[in-house]
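The values are calculated or read from the model by the stated rules, or taken from the named source; none is laboratory data. All values reported here derive from a predicted model rather than from experimental measurement. Backbone-built Cβ (ideal geometry, glycine too); neighbour counts: all protein chains shown.
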Amino acid sequence: MSWFLLVIAGLFEVGFASCLGKAKETSGATSTWWMAGFFVCLTISMALLYKATQNLPIGTAYAVWTGIGAVGTVLVGIFVFKEPADFWRLFFITTLIASIVGLKVVSH
């Protein structure tokens, strides 16, 4: 259950980073709504991360959480914000995914 909560927390990290990106692109009330989404996603992400660390090592949990957030945010950047998807970005994202899976495999 802790790993499931950690994955969901990582997805909410992607959510709060994406809301920041959308808030930057907008202004006025629209930007305010994106910032509200940022705070909601941030709160949920942190609460789930806290809950997951009750049964997982903090170093592993934090690394996996940030890894999910980093990979997800880069993918959102590529597909939503039209950021470049060159070879080296994809290569290093792949190595990050491999590292996240490796941490999961060697953790209890």
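Some notes on this structure:
- Matching entry among Gly69, Gly37, Gly77 (being assigned to a helix (DSSP H, G or I) and within 23 Å of Leu103 (Cα to Cα)): Gly69
- Residue that is modelled with the highest pLDDT [pool: residues in region 1-35 that are of a type outside the set (Ser, Thr, Tyr) and more than 19 Å from the chain's Cα centre (by Cα)]: Trp33
- Of all residues in region 71-99, those being among the small types (Gly, Ala, Ser), more than 14 Å from Ser18 (Cβ to Cβ) and surrounded by 13 or more Cβ atoms within 10 Å (Cβ to Cβ) number 2.
For (1) within 16 Å of the chain's Cα centre (by Cα); (2) closer than 19 Å to Val105 by Cα; (3) of a type in the set (A, V, I, L, M, F, W, C), each residue gets a yes or a no:
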{"residue": "Met46", "(1), (2), (3)": "yes, no, yes"}
{"residue": "Ala52", "(1), (2), (3)": "yes, yes, yes"}
{"residue": "Ile58", "(1), (2), (3)": "no, yes, yes"}
{"residue": "Ala61", "(1), (2), (3)": "yes, yes, yes"}
{"residue": "Val64", "(1), (2), (3)": "yes, yes, yes"}
{"residue": "Ile68", "(1), (2), (3)": "yes, yes, yes"}
{"residue": "Leu75", "(1), (2), (3)": "yes, no, yes"}
{"residue": "Lys82", "(1), (2), (3)": "no, no, no"}
{"residue": "Ala85", "(1), (2), (3)": "no, no, yes"}
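- Yes/no for Trp65 being modelled with pLDDT of 95 or more and more than 21 Å from Leu5 (Cα to Cα): no
- Answer from Lys82, Lys104 - the residue that is in a helix (DSSP H, G or I) and of a type in the set (Lys, Arg): Lys104
- For region 31-56, a tally of residues being among the hydrophobic types (A, V, I, L, M, F, W, C) and within 11 Å of Phe12 (Cβ to Cβ) returns 9.
- Single residue of region 53-62 satisfying the filter (in contact with a Leu (Cβ under 7 Å, 6 or more places away or on another chain) and part of a helix (DSSP H, G or I)) that is modelled with the lowest pLDDT: Thr60
- All positions within region 4-61 that are surrounded by 17 or more Cβ atoms within 10 Å (Cβ to Cβ) and of a type in the set (Phe, Trp, Tyr): Phe12, Phe16, Trp34, Phe38
- Boolean, Ala23 is out of contact with any Phe, Trp or Tyr (no Cβ under 8 Å at 6 or more places or on another chain) and either farther than 15 Å from Ile100 by Cβ or assigned to a helix (DSSP H, G or I) (or both): no
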